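Before any comments, here is the structure.
Rule-based calculations on the coordinates, nothing more; no lab input. Quantities reported herein were computed from a predicted structural model and do not represent experimental measurements. Using ideal geometry, Cβ is built from the backbone for each residue, glycine included, and neighbour counts are taken over all protein chains shown.
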Amino acid sequence: MQIQNYLRMKIYILFGAPGAGKGTQAAMLAQKYKLLHWSTGDMLRAEVKSGSPLGKEIDSLISVGKLVNDQLISQMVIQKIIEHKAVEGIILDGFPRTLAQAQILHQALEKEHLKIEKVINLEVNHEEVIQRILLRGSTSNRADDQDESTIRQRLQVYETQTKPLIDYYQHQKTLINIEGMGSIEDIFNRITPHF
Ligand code: AMP
């Protein structure tokens, strides 16, 4: 029986450096295609806001531009996927960010008979993302968006730990490269044909 196939939750990943526009585009795509949008950065900031001991630990990493533990963030996301298996689809924004996370996700999805539809890779150069993050930092209260050395640290983490995922997903034939420079609307129009 193929029922499972057409009822299966669709999983999209918005990929790219910090400031590449993942959150903006994911929110627009979620609205247009009636998908859920989950940002791991938002999930972690909610935990920080709760003031829990775990939140304090997370805060000490986020504020210096380091990644939180692979197991911790992967379990948070996988738990949420399992709880929402009946929904039509989700967009993951900011996850996975390391090869270990991608592998944990892959194994968990296989167990649930789910798979990633597409990984949308937003390509933006570093100078542009630094300008975008500083602009965002001027209107948000995100400390990690306001300090240039923290931003550079996040970009360094992206280069060494996250960027290798491009090859990984290329290999899995799910990767779509999108030119991430230009207006929000133009970028959106480059992505939608892939949905
Ligand atoms: P973002 O809002 O996606 O820019 O994420 C803000 C911060 O949250 C990052 O700099 C990391 O410290 C942390 N974070 C978000 N997503 C992840 C993830 N998938 N793995 C590890 N840390 C993450």
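Counting only helices (runs of 4 or more DSSP H) wholly contained in the range 22-127, the ones carrying 1 or more residues that are near the ligand (Cβ under 8 Å from one of its atoms) and closer than 23 Å to N141 by Cβ occupy 22-33, 40-50, 53-62, 70-83. Quick check on my filter: what residues within the range 139-167 are without any contact (Cβ under 8 Å) to a residue 60 or more places away in the chain and buried (at least 20 other Cβ atoms within 10 Å of the Cβ)? Scanning the range 139-167 gives a single hit, D145. Number of residues in the range 87-138 that are without any contact (Cβ under 8 Å) to a residue 24 or more places away in the chain and closer than 14 Å to Y168 by Cα: the value is 2. Condition first: part of a strand (DSSP E or B) and of a type in the set (S, T, Y). Can you find one or more residues in the range 9-20 that meet it? Looking through the range 9-20, at least one residue is part of a strand (DSSP E or B) and of a type in the set (S, T, Y). Filtered by the rule that a residue be under 15 Å from the mean Cα position of the chain (by Cα), β-branched (V, I, T) and closer than 26 Å to I191 by Cβ, the range 64-103 gives I73, V77, I78, I81, I90, I91, T98. S63 meets the conditions (1) among the small types (G, A, S); (2) at negative phi; (3) surrounded by 20 or more Cβ atoms within 10 Å (Cβ to Cβ) in every case but one. The failed one is (3).
Of everything listed in (1) among the basic types (K, R); (2) part of a loop (DSSP other than H, G, I, E, B); (3) surrounded by 15 or more Cβ atoms within 10 Å (Cβ to Cβ), the single unmet condition for R132 is (2).
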